[in-house]
Structures are given as C-alpha cells and as structure tokens.
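So the structure is just underneath, and the comments pick up after that.
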Amino acid sequence: MTANAMQGDRELCLAAGMDDYIAKPIRVNELVEALGRCPRHQKGESVTENNVIDQKVFDDLAASVGGDMTFLGELIDTYFNDAAELLATMRRALADGSVEEFRRAAHSLKSNSANLGAMKLSALAKELEMMGKAGVLDGAADKIARAESEYVQVKDALEQKRGK
C-alpha cells in the first residue's frame with residue numbers, strides 16, 4: 001500500500017519487489033481484489049518446499065527426462081553451479097558497471113530457475129534483468145541480496161526433492 005498514485009508508480013513499485021499495489025485512498029473493492037490474489041495459508045502452516053518450487057513445473061521436468069532421477073539430479077547439480085556463478089557474475093558486473101553482463105546473467109538465472117520451478121527466484125531475476133535492460137542499476141545490490149537469499153531456499157528445496 002502506498003500513497004504514490006502517479007502514472008508509472010505501480011510499475012516502479014512492482015519492479016522494486018512489491019507483491020501487489022494498492023494506492024491510497026483505499027478503495028474496499030480494490031483491497032478485496034488484492035487480498036484475493038494472495039496465497040492462502042492455514043493457521044500454523046509452515047513454509048514448505050512447495051512455496052519455493054512450483055510442483056507442477058518440477059513434475060513436468062521430471063516427466064520430460066522419463067523420471068530418470070539420476071539425470072534429474074545431474075540437472076539440479078548443474079543448476080546449483082550455474083546459479084551460484086550467475087549470482088556472482090551479477091555482483092561483479094554491478095561493481096564494474098557492466099550493465100550488459102549484468103543483464104545477461106540475470107536473464108540466464110531467470111530462465112534456468114523457471115525451468116526447475118523456482119518461480120519466485122525467476123521473478124526476482126526478471127526484475128534484475130529489466131533493471132539491466134533499462135540501464136538503471138540503482139537498488140540492484142539489495143535485489144541481488146534478495147535473490148541470493150531465495151536461492152538458498154531453492155537449493156534446500158531441490159536437495160529435498162532429489163532425496164525423495
């Protein structure tokens with residue numbers, strides 16, 4: 001919720017990481033619609049790997065490799081190596097002011113993460129990619145930190161899936 005209601009503010013807020021956007025003054029119907037878009041959690045429900053990895057996307061990937069868990073494990077290991085390197089590349093590119101290298105790394109992280117069902121990490125990477133595409137990296141360090149934090153959760157969830 002924000003008092004920023006000028007044209008373009010919605011896009012800026014969403015690009016900055018907000019899950020949704022409601023401008024003041026509050027309109028009850030808009031608030032109800034926004035709350036309806038929020039994921040529902042039961043009282044006492046804990047965050048599980050399902051909140052980190054989209055189960056359908058992961059199952060589709062597993063089916064596409066014929067359920068070969070050894071090969072799927074190799075794909076996951078490759079993703080771990082690539083994602084860690086892509087996050088490091090974004091940090092380096094940000095420090096060096098290399099906008100195009102930053103954008104390419106974010107683009108790859110976005111696609112690779114989506115392929116394994118890490119949709120929140122993919123969305124964060126997309127935001128970083130758009131920042132690079134626009135040539136505006138103000139605030140990118142904080143967003144990279146959020147992506148790194150999400151990657152830790154993704155890695156843990158994928159390790160659990162591999163163990164199944």
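The values are calculated or read from the model by the stated rules, or taken from the named source; none is laboratory data. Everything numeric here is computed off the predicted structure, so don't read it as measured data. Cβ coordinates were reconstructed from backbone atoms using ideal geometry, including for glycine residues, and neighbour counts include every protein chain displayed. Keep in mind that these areas ignore ligands, DNA and RNA; they rest on the heavy atoms of the full protein, side chains included. Shrake-Rupley method; radii C 1.70, N 1.55, O 1.52, S 1.80 Å.
If you take the residues in region 136-148 that are surrounded by 18 or more Cβ atoms within 10 Å (Cβ to Cβ) and in a helix (DSSP H, G or I), which one is nearest to the chain's Cα centre (by Cα)? If we take residues in region 136-148 being surrounded by 18 or more Cβ atoms within 10 Å (Cβ to Cβ) and in a helix (DSSP H, G or I), then 147 is nearest to the chain's Cα centre (by Cα).
Going by what's in this entry, would residue 75 be described as touching a helix residue (DSSP H, G or I) at 6+ places or on another chain (Cβ under 9 Å) and not in a helix (DSSP H, G or I)? Here the answer is no, as residue 75 does not meet what is asked.
What about residue 71, is it of a type in the set (Phe, Trp, Tyr) and surrounded by 13 or more Cβ atoms within 10 Å (Cβ to Cβ)?
No; evaluated as a whole, the condition is false for this residue.
Within the set 110, 120, 133, the sole residue that is assigned to a helix (DSSP H, G or I), open to solvent by 10 Å² or more (accessible area, probe 1.4 Å), touching a residue at least 60 places away in the same chain (Cβ under 8 Å) and under 25 Å from residue 19 (Cα atoms) turns out to be 120.
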